[in-house]
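Please treat every number below as a calculation from the coordinates, not as lab data. Because the structure is predicted, anything quoted here is derived from the model rather than measured. Because the Cβ atoms are built from the backbone with ideal geometry, glycine has one as well, and the counts that use them run over all protein chains shown.
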Amino acid sequence: MTMTMTSVEQVWAWLEEVPDPEIPAISVVDLGIVRVVELDGAQCTVTITPTYSGCPAMQVIADAIETGLKSHGIAHLTIKTQLSPAWTTDWMSAEGKNKLRAYGIAPPAQQVIDISRITGSVARSKIAGPQVACPHCGSGKTRCSSHFGSTPCKALYRCDDCLEPFDYFKCH
């Protein structure tokens, strides 16, 4: 396919095929780290934001995006990293959160932007932490075993009903 026939929408569709290297069940689009896709003639620019500033997977992600798009005929590609605004789990797609759950990882249980203090109500999550449902059995009877999980973005939880441990993708 030549660049003159490629649309921004087509590039987004191709990016949905690029898996996150740490959680291959979700794409870089599902994760919300792809911010902008621009086409200017034969030049394609993709802007990505890391899940946190020290994310060790960003070069691997950039390489996967490059490989994926070049396999579809995009020869002139620039990948830009944008640090501000900082990535938030609010940018994850609903489909991505469902894919996380199906993969055995509890998705973020709340939004990062919480207006409860502005509206006068105090959210339960501010007092006792988020209510995290078990991705295996759906039970809400879970507890945090460790604030540090298999990657810096995750915490380790355990279900009190099915007794299975699982990762929880922390809100940030």
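How many nm separate the modelled label positions at Ser53 and Glu66, each set 7 Å beyond the Cα in the direction of the Cβ?
Taking the two extended label points, one gets 2.5 nm.
Would you list, by chain and number, the lysines whose Cα falls below 19 Å from the Cα of Lys170, excluding same-chain residues fewer than 8 positions away?
Correct list for Lys170: Lys97, Lys99, Lys126, Lys141, Lys154.
Volume per residue, Å³, of the convex hull around the alpha-carbon atoms of region 1-70?
Details: hull volume 5.6 nm³, N = 70.
Per-residue hull volume (Cα only) is 81 Å³.
Please compute the alpha carbon radius of gyration of the chain, then divide it by the globular-protein estimate 2.2 N^0.38 Å. Two decimals is fine.
Taking the Cα Rg and dividing by 2.2 N^0.38 Å, one obtains 1.17.
To make sure I understand, if each residue's beta carbon is the centre and we count other beta carbons within 10 Å, what order do Trp14, Trp91 fall in, fewest to most?
With the sparsest Cβ surroundings first, the list reads Trp91, Trp14.
Could you size up the charge dipole of the chain around its Cα centre, putting +1 on the beta carbon of Lys and Arg and -1 on that of Asp and Glu, and report it in debye to the nearest 20?
Dipole size: approximately 740 debye.
If you rank Asp30, Asp40, Asp20 by fewest surrounding Cβ atoms within 10 Å, what's the result?
On the way: Asp30 25, Asp40 10, Asp20 20.
If I rank by nearby Cβ atoms, fewest first, I get Asp40, Asp20, Asp30.
Go through region 140-145 residue by residue and turn each phi into a ³J(HN,Hα) via Karplus (6.51, -1.76, 1.60, θ = phi - 60°); whole Hz please, and just put x for glycine and proline.
Taking θ as phi minus 60°, the curve returns x, 8, 10, 8, 7, 8 Hz for region 140-145.
Where does the chain land at 222 nm, in deg cm²/dmol rounded to the nearest 500, when only DSSP H runs of n ≥ 4 count, each adding -39500 (n - 2.57), divided by all residues?
Taking each H run of at least 4 residues, the total per residue is -6500 deg cm²/dmol.
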